[in-house]
Amino acid sequence: ETYYGRITGHYRVIDSLATLAFDYPPRGEYFRAELEQFLLLVREENIDPLTVTGSYTGAMGALQFMPSNYRRYAVDANTDKHRDLWTDWDDVIASVANYLHEHGWEAGAPVLAEAKLDPDPSFQIGNAHRIELNQTIESLNAHGVKVETDVPPDTAAVLVSAEQRDGPAYRVGFKNFYVITRYNGSARYAMAVYDLAQAITQRVHGTEP
């Protein structure tokens, strides 16, 4: 989200939220609520509201949490009585883990599986920007999608396109994949997160993940 915490935004959050709250009618109600959450947050964290910077929409820190999500999901991992999502990486990592947990992450459950595609003409691939678990392994198989997995046939799933340098490829996402898209709705983003995690696991343990 922020080039590993290096780019967290340079706009004053209170200015961004106030402008959008009162000078952007299409989403004014949403940003007024976020402005209220921001004022509560800085009071709780004992922060000068005029010093907090973030994106032009008011998202903050390495995780780019909006104020409501900051208050709801941020964690004081090192028990220093502050939830610092800018510079304290214990808090950052614990907070994103908490976010995923609260959205239904299942430890040890699969995220993605490779698929081979020979579908019937009426079958449609899921929207890459609006992921929904609208299929099962069984229904995908019935449409000519062969999934490399041992999960039960009634497992909820979604077929997504994964373009490769040598042409189109396809993968099937499960519940944990869907959970990642609650943080960022792009299927490509979620696949990149998963692939990076697998590469880190392999590097750390020296084995295939």
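The values are calculated or read from the model by the stated rules, or taken from the named source; none is laboratory data. The shown structure was predicted, so the numbers you read here are calculated from the model rather than taken from an experiment. Glycine gets a Cβ as well: all are built from the backbone with ideal geometry, and neighbour counts include every protein chain shown.
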* Tell me which residues, restricted to the stretch 25-36, are touching a residue at least 12 places away in the same chain (Cβ under 8 Å) and more than 14 Å from ASP15 (Cα to Cα). => ALA33
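Where in the stretch 1-96 are there helices (runs of 4 or more DSSP H), lying wholly inside it, with at least 2 residues that are farther than 25 Å from VAL193 by Cβ? Break it down into steps so the answer makes sense when it comes.
On the way: elements: 13-23, 28-45, 67-73.
The qualifying helices (runs of 4 or more DSSP H) are 13-23, 28-45.
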* Which of the residues that make up the stretch 18-46 are among the aliphatic types (A, V, I, L, M) and either modelled with pLDDT under 95 or touching a Leu at 6+ places or on another chain (Cβ under 8 Å) (or both)? -> ALA18, ALA21, LEU35
* Asked: Within the group THR201, THR155, which residue is of a type in the set (S, T, N, Q), at pLDDT 95 or above and either in contact with a Phe, Trp or Tyr (Cβ under 9 Å, 6 or more places away or on another chain) or within 25 Å of TYR73 (Cβ to Cβ) (or both)?
  -> THR155
* State whether one or more residues within the stretch 142-151 are modelled with pLDDT under 75 and more than 22 Å from the chain's Cα centre (by Cα). => no
* To do: Select, from GLY54, GLY58, GLY28, the only residue that is surrounded by fewer than 20 Cβ atoms within 10 Å (Cβ to Cβ), farther than 21 Å from HIS101 by Cβ and not aromatic (Phe, Trp, Tyr).
  => GLY28
